[in-house]
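Following: one structure in structure tokens, then a few remarks.
The values are calculated or read from the model by the stated rules, or taken from the named source; none is laboratory data. Computed from a prediction, not measured in an experiment: that's the story for all the values here. So basically every Cβ, Gly included, is an ideal-geometry build from the backbone, and we count neighbours across all protein chains shown.
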Amino acid sequence: MVDVVVIAGPAGVGKTSAANEVSMQLRARGVAHAVVDTDALDDVFPVPENQWEITERHLAFMWRSYREIGTARLILTGVHLHDPAELRWIRRATTPDRVALIRLDAHDETLAARVRAREIGSACEDQLARTRRQAVDLRDGSDEGVSVIETDGRPIADVASEIIGILGWQ
């Protein structure tokens with residue numbers, strides 16, 4: 001059985017940190033898995049018109065390699081991955097038996113503080129504006145079938161434990 005968990009949310013909400021902590025907790029339990037941050041699959045400039053096709057092809061290639069070594073659990077992170085259009089290419093690339101959708105959220109002040117702490121270069125203001133738009137878009141979208149986890153003031157280990165509990169990956 002192939003399980004894919006999609007961890008979505010605006011920049012600064014803790015997707016990568018949560019995925020890395022989920023991975024550490026699973027490793028401690030001996031649970032085989034792979035982690036893919038989809039931002040790394042399509043970080044190219046200039047952005048091609050068919051960027052989503054490149055992203056899908058890269059994920060399919062990576063997942064095929066992971067499956068060849070017996071991996072059956074995949075943790076994916078990305079801003080809008082719980083959107084139905086995004087889920088279509090994820091399903092094509094990974095052919096999962098089950099997809100669990102998790103959206104992380106935090107207050108705007110928390111997101112801004114986290115972005116400012118990590119974006120120390122010239123991209124900070126642009127990233128802050130994108131993060132604000134992403135948060136609004138995600139909160140205004142449908143959360144049907146999505147588990148929403150608040151990350152404000154919570155240790156990342158607790159967020160990861162909640163994700164593992166939702167998945168049943170004990």
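Things worth noting here:
- One residue stands out among those in the range 22-57 that are in a helix (DSSP H, G or I) and of a type in the set (A, V, I, L, M, F, W, C): the one that is modelled with the lowest pLDDT, which is TRP52.
- Among residues of the range 119-170, those that are in contact with a helix residue (DSSP H, G or I) (Cβ under 8 Å, 6 or more places away or on another chain), assigned to a loop (DSSP other than H, G, I, E, B) and β-branched (Val, Ile, Thr), counted: 1
- Within the set ASP108, ASP126, ASP83, the sole residue that is of a type in the set (Asp, Glu) and touching a Gly at 6+ places or on another chain (Cβ under 9 Å) turns out to be ASP83.
- Whichever residue in the range 118-144 is surrounded by 13 or more Cβ atoms within 10 Å (Cβ to Cβ) and among the acidic types (Asp, Glu) and, among such residues, is nearest to GLU162 (Cα to Cα): ASP143
- For the range 1-21, the candidate set comprises residues that are in a strand (DSSP E or B) and not β-branched (Val, Ile, Thr); within that set, the residue that is farthest from TRP169 (Cα to Cα) is ALA8.
- Answer residue from the range 3-35, given it is among the hydroxyl-bearing types (Ser, Thr, Tyr) and out of contact with any helix residue (DSSP H, G or I) (no Cβ under 7 Å at 6 or more places or on another chain) and is nearest to GLU68 (Cα to Cα) among those: SER23
- Checking the range 38-45 against the condition returns a match, with at least one residue being touching a Leu at 6+ places or on another chain (Cβ under 9 Å) and either farther than 21 Å from GLY141 by Cα or surrounded by fewer than 20 Cβ atoms within 10 Å (Cβ to Cβ) (or both).
- Note on the range 97-118: residues that are touching a helix residue (DSSP H, G or I) at 6+ places or on another chain (Cβ under 8 Å) and under 19 Å from ARG67 (Cα atoms) amount to 2.
- Neighbours by Cβ (under 8 Å, 6+ apart or cross-chain): first from the range 63-88, closer than 28 Å to PRO10 by Cβ; second among the aromatic types (Phe, Trp, Tyr): ARG73/TRP169; LEU74/TRP63; LEU74/TYR66
- The range 64-117: number of residues that are surrounded by fewer than 16 Cβ atoms within 10 Å (Cβ to Cβ), acidic (Asp, Glu) and either more than 20 Å from HIS33 (Cα to Cα) or within 14 Å of the chain's Cα centre (by Cα) (or both): 2
- Candidates ASP43, ASP97, ASP39, filtered to the one that is touching a residue at least 60 places away in the same chain (Cβ under 8 Å) and charged (D, E, K, R): ASP97
- For the range 117-132, the criterion of being of a type outside the set (Lys, Arg), in contact (Cβ under 8 Å) with a residue 60 or more places away in the chain, closer than 13 Å to GLY12 by Cα and in contact with an Asp or Glu (Cβ under 8 Å, 6 or more places away or on another chain) is met by at least one residue.
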